[in-house]
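**Student:** Input: one structure, supplied below.
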Amino acid sequence: MVVRITSPHSLQRALNYNEQKCQKEKAVCIFAGNYLLDASQLNFLQKMERMQDLIARNERVKKSNTLHISLNFAPSEKLAQEKLTRIARAYIEKIGFGSQPYLVYQHHDAGHPHIHILTTSIQPDGKRIDTYNIGRNQSENARKELEKSFGLIPAQGKKAAEVAGIRPVDVQKVFYGNSETCRSITNVLDAVINHFKYTSLAELNVILRQYNVEADRGRETGIVYKSGGLFYRLLDGEGNKVGVPIKASLIYSKPTLKNLEKKFKENENLRQPDKKRLKTSIDWVMAKSPGSLEALINALKKEGVHVILRENKQGLVFGITFIDFRTKAVFNGSDIGKLYSIAGIRASLDSGQQGLTKAPKTASETTQSKDFRNDREPSQAAETHPTQDGLLKDLLEHEKYLNRVPAELLKKKKKKRNPNPK
């Protein structure tokens, strides 16, 4: 079993997402915990008002008052609705939300069985249940216990990756309609947006392109770009945009540019501890003298680090980006340090020495150095290859300078006055 926990910006949006799935017969609400009526008897407003009433009791908590949890199971597991309900109830109890109102939805729109649980962290007394590191602590312990007690396939190794659903979208299998494209893109965004640490749209796209998805602002002269809009597109195997573009605002998690910019600032601090680990991994591989850029890339892949070479339209590599899948952090080489830029790494590989050597100066630094030298030594270029006339002139000037007696030496020495005259 694989668990994903997100904290939506809005309870209504998260509830809308699940209810719309029900209307399209792609999901069904199978259980309502701590509600006065059964799930089948509740309408949309009743479902929302029960939780909204609690959320209103703590106006200070704006972002972390709602939890949207998905429990994902292996494709080979055939789980009846009754068993899924028991798993959901046991899970909610073990993570400390057993007395909170919650809704359980069984979804049928993916290749593996999964359920969604929607609840709130605000209690009847207005206090918030602490959700810090809930995925790493309470949820992880609950997952392991449920796998044993319900006989579920453990979320380890290869099977975890298969269940998680974070695989590249097979665009040839996607019908290029609004619904299918949106679902495929949403599956990737759910696995990336709140789990990876990126600080720009370019860094986010480095990750998304691994799964055949791209965030697109359009042309700089276009209305979408100027208005701060954002689309998500599917990519084919060659990186070309295909299918129907999906507006960010139409995706239930609202991965709009405005919301992403908040993530950029948050991730800038969150990823700082990961920089040292990534740097150590690169140093470790470089110390073994990989000999070529390709060998370096393959060696880092074994360390859980994926390398992306950034190229211009002419196919020339001008930058390097590292995706550390162990910490889920993204760094451009220059953000780690000058030695870890593409120029620095190439210089180290070309030198044949073990480890990273001093990176070569860039063209601008070389020009600046020359300009500085020319400002300080204006006659140096002329002195390098002097003409015959210039040499004679320099010698005469030099002789003239030697024959000249400094004015300080030409001054007559004053006699000291006797302080005690007779």
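**Student:** List the helices (runs of 4 or more DSSP H) inside segment 191-289, counting only whole elements, that have at least 1 residues being modelled with pLDDT of 90 or more, more than 30 Å from TYR340 (Cβ to Cβ) and more than 19 Å from the chain's Cα centre (by Cα).
**Tutor:** Details: elements: 201-208, 223-226, 257-270, 272-286.
Passing ranges, in order: 223-226.
**Student:** Follow-up. Of the numbered conditions (1) out of contact with any His (no Cβ under 7 Å at 6 or more places or on another chain); (2) of a type outside the set (S, T, N, Q); (3) in contact (Cβ under 8 Å) with a residue 24 or more places away in the chain; (4) buried (at least 16 other Cβ atoms within 10 Å of the Cβ), LEU339 fails exactly one; give the number of that condition.
**Tutor:** (3)
**Student:** Looking at segment 281-301, is at least one residue in contact (Cβ under 8 Å) with a residue 12 or more places away in the chain, loosely packed, with under 15 Cβ neighbours inside 10 Å and among the charged types (D, E, K, R)?
**Tutor:** yes
**Student:** Continuing with the same structure: What are the residues in segment 65-121 that are crowded, with 23+ Cβ neighbours inside 10 Å and out of contact with any strand residue (DSSP E or B) (no Cβ under 8 Å at 6 or more places or on another chain), if any?
**Tutor:** ILE95
**Student:** Checking ILE30 against (1) more than 14 Å from THR119 (Cα to Cα); (2) assigned to a loop (DSSP other than H, G, I, E, B); (3) touching a helix residue (DSSP H, G or I) at 6+ places or on another chain (Cβ under 9 Å): exactly one of these is not met. Which one?
**Tutor:** (2)
**Student:** Take the residues in segment 72-96 that are at pLDDT below 95 and of a type in the set (A, V, I, L, M), then tell me which one is farthest from ALA32 (Cα to Cα).
**Tutor:** Across segment 72-96, the extreme among qualifying residues is ALA74.
**Student:** Out of curiosity, is LEU79 more than 30 Å from the chain's Cα centre (by Cα), without any contact (Cβ under 8 Å) to a residue 60 or more places away in the chain and not in a strand (DSSP E or B)? Explain how you work it out, then say what you get.
**Tutor:** Working: more than 30 Å from the chain's Cα centre (by Cα): yes; without any contact (Cβ under 8 Å) to a residue 60 or more places away in the chain: yes; not in a strand (DSSP E or B): yes.
The answer is yes for LEU79.
**Student:** For segment 235-261, give me each residue that is surrounded by fewer than 15 Cβ atoms within 10 Å (Cβ to Cβ) and at positive phi.
**Tutor:** GLY239
**Student:** Need pairs with beta-carbon distance below 8 Å; first residue modelled with pLDDT of 90 or more and within segment 55-70, second aromatic (Phe, Trp, Tyr); sequence gap 6+ or separate chains.
**Tutor:** Listed pairs, sorted by first residue: LEU67/PHE97; ILE69/TYR91.
**Student:** Turning to a different aspect of this structure: Is one or more of the residues making up segment 294-302 β-branched (Val, Ile, Thr) and either under 30 Å from GLN20 (Cα atoms) or assigned to a strand (DSSP E or B) (or both)? Working first, answer last.
**Tutor:** Our first condition is that a residue be β-branched (Val, Ile, Thr); within segment 294-302, this holds for 297.
With either under 30 Å from GLN20 (Cα atoms) or assigned to a strand (DSSP E or B) (or both) added as a condition, the list becomes none.
There is no residue in segment 294-302 that is β-branched (Val, Ile, Thr) and either under 30 Å from GLN20 (Cα atoms) or assigned to a strand (DSSP E or B) (or both).
**Student:** State yes or no: is THR131 touching a residue at least 12 places away in the same chain (Cβ under 8 Å) and within 22 Å of ASN18 (Cα to Cα)?
**Tutor:** Details: touching a residue at least 12 places away in the same chain (Cβ under 8 Å): yes; within 22 Å of ASN18 (Cα to Cα): no.
When the stated conditions are applied, THR131 does not pass them.
**Student:** Only one residue in ILE153, ILE129, ILE185, ILE166 is of a type in the set (Val, Ile, Thr) and modelled with pLDDT of 90 or more. Which one? Before you say what the answer is, go through the steps one by one.
**Tutor:** Numbers: ILE153 fails: modelled with pLDDT of 90 or more; ILE185 fails: modelled with pLDDT of 90 or more; ILE166 fails: modelled with pLDDT of 90 or more.
ILE129 is the lone residue from the list that is of a type in the set (Val, Ile, Thr) and modelled with pLDDT of 90 or more.
**Student:** Based on this model, can you work out whether LEU118 counts as assigned to a strand (DSSP E or B) and either of a type in the set (Gly, Ala, Ser) or within 23 Å of ASN187 (Cα to Cα) (or both)? Outline the logic, then answer.
**Tutor:** Values: assigned to a strand (DSSP E or B): yes; either of a type in the set (Gly, Ala, Ser) or within 23 Å of ASN187 (Cα to Cα) (or both): yes.
Yes: the conditions hold for LEU118.
**Student:** Scan segment 303-336 for residues that are polar (S, T, N, Q) and in a loop (DSSP other than H, G, I, E, B) and report the count.
**Tutor:** 3
The values are calculated or read from the model by the stated rules, or taken from the named source; none is laboratory data. This one's a predicted model, so the numbers in the text were calculated from it and none came from an experiment. Neighbour counts run over all protein chains shown; Cβ positions are idealised from the backbone, glycine included.
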